[in-house]
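The values are calculated or read from the model by the stated rules, or taken from the named source; none is laboratory data. Predicted, not measured: the structure shown is a model, and the values here were computed from it. Glycine also receives a Cβ, built like all others from the backbone with ideal geometry; neighbour counts cover every protein chain displayed.
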């Protein structure tokens, strides 16, 4: 379990993390989300004892990370996969890490096999691709077979097979009863992986809830309808108190589910070409919640013709 209480970090006059509190429970994957500059990396660094909090605390299974005599046996972490000596082989890097934490050397080959790197274990890591470096970083995180795993952007640089592998791995770790804390900017992947979400913006907690509750609260679903009698259908639905919006030749309807909308239209003998329930995505909910917390907001692209 990871417990943050009033966790705060200031750099001069700038507050990077502003009194946040949350708990990451074992047995589930907890996603850690936020826009760039929200304070995610700073929070993870304080969790791992790399930054000292200005105030508050963050504990792992009731202890500070710095108090663990063999931390890799307690917390496995991936923050920066390329923080490696480029002249050292993958196997030697893991051997050195294992020796520093009293981990049996046989575990080195076990994790190399687990992450798919046995064939390149003797190669210098300076020649590794981004994806290979990520796999080695995950091997380091798993080296001590820890009960708590913290991964920051673990799928960065991985191909589709690798992304699916990380998804399966994290869910398997959680199913084993471990605490899994996962940060990623890939909303589609997070939606498939996380059970629970902690969302921060400008250093403060914006949401701490289950994935379904987060989506339901911060982005609305709607019914999409197409009809050759679009105007008549829209008028009918509005007369029945439904909110109807015409978007690029299709109707977006809120207030009823697809079945009841279809029955209402059908009773009037009007034709339908499409009737679909569009469920909101994690990305929709995230963008809605964090709109005011984005540090750098780009404008929409200007059409090429407008530049003439």
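Considering only residues in the range 63-79 that are touching a residue at least 24 places away in the same chain (Cβ under 8 Å) and in a loop (DSSP other than H, G, I, E, B), the one that is nearest to residue 130 (Cα to Cα) turns out to be 79. From the list 284, 195, 208, the lone residue that is under 15 Å from the mean Cα position of the chain (by Cα), touching a residue at least 40 places away in the same chain (Cβ under 8 Å) and not assigned by TED's automatic domain parsing to the domain that holds residue 174 is 284. Taking residues in the range 227-247 that are in contact (Cβ under 8 Å) with a residue 24 or more places away in the chain, and partners anywhere that are part of a strand (DSSP E or B), the pairs with Cβ atoms closer than 7 Å and at least 6 places apart or on different chains are 233/225; 233/251; 237/244; 237/253.
Summed over the range 233-260, the residues that are out of contact with any strand residue (DSSP E or B) (no Cβ under 6 Å at 6 or more places or on another chain) and part of a helix (DSSP H, G or I) give a count of 6. Scanning the range 100-120 for residues being under 28 Å from the mean Cα position of the chain (by Cα) and not in a helix (DSSP H, G or I) gives a total of 3.
So which of 55, 81, 70 ends up being surrounded by 22 or more Cβ atoms within 10 Å (Cβ to Cβ) and assigned by TED's automatic domain parsing to the domain that holds residue 121? Every option except 81 fails the conditions. Residues of the range 46-68 that are more than 14 Å from residue 6 (Cβ to Cβ) and out of contact with any helix residue (DSSP H, G or I) (no Cβ under 9 Å at 6 or more places or on another chain): 61, 62, 63, 64, 66, 67, 68.
Taking the condition loosely packed, with under 15 Cβ neighbours inside 10 Å and not in a loop (DSSP other than H, G, I, E, B), does residue 263 pass? Spelling it out, residue 263 is indeed loosely packed, with under 15 Cβ neighbours inside 10 Å and not in a loop (DSSP other than H, G, I, E, B). When the range 136-152 is filtered for residues that are assigned to a loop (DSSP other than H, G, I, E, B) and crowded, with 19+ Cβ neighbours inside 10 Å, the ones remaining, listed by number, are 143, 144, 146. Can you find a residue that is in contact with a helix residue (DSSP H, G or I) (Cβ under 9 Å, 6 or more places away or on another chain) and under 30 Å from residue 152 (Cβ atoms) anywhere in the range 221-242? No, the conditions are met nowhere in the range 221-242.
For the condition assigned to a helix (DSSP H, G or I), assigned by TED's automatic domain parsing to the domain that holds residue 154 and modelled with pLDDT of 95 or more, residue 30 does not qualify. In the range 99-107 there is no residue that is modelled with pLDDT under 95, out of contact with any strand residue (DSSP E or B) (no Cβ under 7 Å at 6 or more places or on another chain) and crowded, with 20+ Cβ neighbours inside 10 Å. Right, residue 191: over 21 Å from residue 2 (Cα atoms), modelled with pLDDT of 95 or more and not in a loop (DSSP other than H, G, I, E, B) or not? It is false that residue 191 is over 21 Å from residue 2 (Cα atoms), modelled with pLDDT of 95 or more and not in a loop (DSSP other than H, G, I, E, B).
Would you call residue 86 in the same structural domain as residue 136 (by TED's automatic domain parsing), closer than 23 Å to residue 177 by Cα and surrounded by fewer than 16 Cβ atoms within 10 Å (Cβ to Cβ)? Criteria not met by residue 86.
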